[in-house]
Amino acid sequence: MCDNCGCETTEENIFLPKEAKIIKAVQATADVKLFTLKMADGYIHWDPGQFLEVSLFGYGEIPIGFASSPTRPESFDIAIRTVGRVSGAINKLVAGDSMFLRAPLGTGFPINLLRGQDVIIVAGGIGLCPTRSLIQYIMDRRDEFKKFTLIYGAKNPSQQMFKDELATWKKSSDIDFYDIVDKADENWKGEVGLITSLFAKTNLNPETRAVICGPPIMFKFVVMELNKRGIKNENIFLDLERRMKCGVGKCGHCQINDQYVCVDGPVFPLSKAKQLEEAL
Amino acid sequence: MKNYYLSENDFSDFVTRMISTKELIAPIAKGPRFVFSKIKSPSEIRLDYDVTILPPKKEFFPPRQNLVKFSSKGYEGCIDPKEKILFGVHPYDVKGIDITDTVFENNKKDMNYLANRRAATIVASNIQKVSSRAFWDTVGADIKAKGHDAFLTKISDGYHFQTLTTKGDALISCGKFTAATEKQSSEAKKVNESVNGTCPEKLKHSSKDIAKKVRDSFSKKEMWDKMAQRCFSCGTCNIVCPTCYCFDVQDKWNVDQTSGVRTRYWDSCLTEEFSKISLGAGHSENFRESRGSRYRHRIMRKAAYLNETLGGPACIGCGRCSSGCTANIADPVEAINTIMEVK
């Protein structure tokens, strides 16, 4: 910060990552690994919905959302699905190893607009990971929010993540939690079908603030359900997925219209996303 | 701002002295065309060039730039600016550099670019020959070239040299400059004004009107698809563009397999891979899958998206994309004049 006007004058190398130590690494599903991390220099501050560029030298960098809440600052979680070369290499790491991070990046969930309101989070597949930063935040500061609903859809029971937490949420009176799978296995006793079918179970007030994170195809149908219940587009927030390569609004890969998803997002109000023709 | 004069006979000594103090980059001939290159001798310089194959941005933002070096012992950044003089830059390319300065300053400062930029002294020069696809006199015509340290103009019996910054002033000690007479300064002014209106291609509307109409044409899918019909998605238009700054970042191991570099490479939004993300299990999602949508993105970026940030279009009218395009469809003049006419 500059002494005169408080403007950002930092001239550090924005591409130089910082080291983080892996405290714990567990398989969340067959192809998703959950890492609990601590910065080697001990310091990091983030908001729910912000993201990191996670890297391993010699392999590359990938954008990953924070999967835990800043209300639990002693460490932080990220979940990585094995998709390509970088994620594959990172997911071979174990507790005690290091990874290299640039964070926090982007604009997260608008906590100030959610505070004091009914909130619904709709998470599809791996979309539960970035939204978990907000779920934990709301659960930790439960008094600051009104009714809290969470809807979670997974492909099949084996793809469900954070099973212990799901069980806790199911029992908790602090959260109306509903989950569903596209395809059941022989042990599954819950709901089967599309995520949108769970809306029949909810009782949403039109002033509810909604957060959606999941595969792009899911957005359209979830938005229809929300709109049907009188929820306005300015109160619906989307966590968009794009190729956020540099994370600092330079490289151009995540650009939608004149917006850089990695700086202006990844969270956008639907009312704004609707004006960005390539967003949805 | 100070005005100097240098005689034709003293030009060579001036260049030799500059070479002895810093790396000097200037236009030279390469076959029938021209490139910005490191100069060893004054005779190589071709100030009568029309346009160079690549714009001078490569001196600050090279096609390959190492960002981080790593080894088993640790890692460090690669910012290591070299002082250089970029000599003989046409005013349109000065505008291009001003644009990349702005975008690399914006949001978070990118010192990998800015350190190189700050270590450079830029000497602009008058346009002696207009290239066959140029339209710099009708694009963002109200925007003045700025950011250069000095301006060299060829006048009847030598050169008029205007210094604009302390870096520009520092060059005076390299040559036998005398104070320019009023006559010499007014001749230089006339020389520079005389090229206006001589570009072979012309935009017919103001930047403001173009930005609005282009922006409003976003959903004319058929029009964009038609314009991009012959596009090879090769990305040449991006590679030769002075205002394109997109890049990809890749890690590479050295042969020892323990050390390596993280490098950024110029990237092109016209290529199919540019906006593609992998979803795993062989699935992917491409947010600009059709050639039409990628072609549209480029025109939007040049004519509309960045105008607010830059105070004008992100195109400087050099015509490099027009002459570089294999399918001859990249020409912004043709594209924009067409868009302006479509109802």
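The values are calculated or read from the model by the stated rules, or taken from the named source; none is laboratory data. Note that this is a predicted model, so its numbers are computed, not measured. Neighbour counts are summed over all protein chains in view; Cβ atoms, including those assigned to glycine, are modelled from backbone coordinates with ideal geometry. Keep in mind that these areas ignore ligands, DNA and RNA; they rest on the heavy atoms of the full protein, side chains included. Shrake-Rupley method; radii C 1.70, N 1.55, O 1.52, S 1.80 Å.
General observations
- Residue within the range A:97-109 that is more than 17 Å from A:Leu198 (Cα to Cα), of a type in the set (Phe, Trp, Tyr), open to solvent by 10 Å² or more (accessible area, probe 1.4 Å) and part of a strand (DSSP E or B) present: yes
- Counting only residues that are at the interface with chain B (Cβ under 9 Å from one of its Cβ atoms) and touching a helix residue (DSSP H, G or I) at 6+ places or on another chain (Cβ under 8 Å), the range A:253-278 holds 5 of them.
- Count - residues of the range B:198-209 that are open to solvent by less than 60 Å² (accessible area, probe 1.4 Å) and either within 21 Å of the chain's Cα centre (by Cα) or under 19 Å from B:Ser156 (Cβ atoms) (or both): 4
- Residue in the range B:292-335 that is most open to solvent (accessible area, probe 1.4 Å), counting only those that are part of a loop (DSSP other than H, G, I, E, B) and either among the polar types (S, T, N, Q) or not assigned by TED's automatic domain parsing to the domain that holds B:Ala228 (or both): B:Thr326
- Matching residues in the range B:30-65 - criterion: being charged (D, E, K, R) and either assigned to a helix (DSSP H, G or I) or closer than 19 Å to B:Thr243 by Cα (or both): B:Glu44, B:Asp50, B:Lys57, B:Lys58, B:Glu59, B:Arg64
- Failed item in (1) over 16 Å from A:Asp140 (Cα atoms); (2) in contact with an Asp or Glu (Cβ under 8 Å, 6 or more places away or on another chain); (3) surrounded by fewer than 19 Cβ atoms within 10 Å (Cβ to Cβ), with A:Arg72 passing the rest: (1)
- Just one of the numbered conditions (1) more than 14 Å from chain B (Cβ to nearest Cβ); (2) closer than 18 Å to A:Val26 by Cα is not true of A:Met99: (1).
- Hey, A:Pro73 assigned by TED's automatic domain parsing to the domain that holds A:Thr29 and closer than 26 Å to B:Ser278 by Cα or not: no
- Pair list, Cβ under 7 Å, 6 or more apart: the range A:252-280 residue hydroxyl-bearing (Ser, Thr, Tyr), other residue open to solvent by 10 Å² or more (accessible area, probe 1.4 Å) and assigned to a loop (DSSP other than H, G, I, E, B): none
- Only listed residue being open to solvent by less than 30 Å² (accessible area, probe 1.4 Å) and among the β-branched types (Val, Ile, Thr), chosen from A:Thr168, A:Thr149: A:Thr149
- Within the range B:20-34, the residues that satisfy the criterion of being crowded, with 18+ Cβ neighbours inside 10 Å and either touching a residue at least 40 places away in the same chain (Cβ under 8 Å) or under 19 Å from B:Arg117 (Cα atoms) (or both) are B:Leu24, B:Ile25, B:Ala26, B:Pro27.
- Enumeration of residues in the range B:256-299 that are more than 8 Å from chain A (Cβ to nearest Cβ), of a type outside the set (Ser, Thr, Tyr), touching a residue at least 40 places away in the same chain (Cβ under 8 Å) and under 22 Å from A:Ser87 (Cα atoms): B:Val261
- Any hit, the range B:145-163, residues being over 30 Å from A:Pro104 (Cβ atoms), of a type in the set (Phe, Trp, Tyr) and open to solvent by 10 Å² or more (accessible area, probe 1.4 Å): yes
- Within the range A:115-133, the residues that satisfy the criterion of being within 8 Å of the chain's Cα centre (by Cα) and closer than 15 Å to A:Val267 by Cβ are A:Gly127, A:Cys129, A:Pro130, A:Thr131, A:Arg132, A:Ser133.
- Among (1) closer than 21 Å to A:Asp47 by Cα; (2) outside any loop (DSSP other than H, G, I, E, B) - the single one A:Glu74 does not satisfy: (2)
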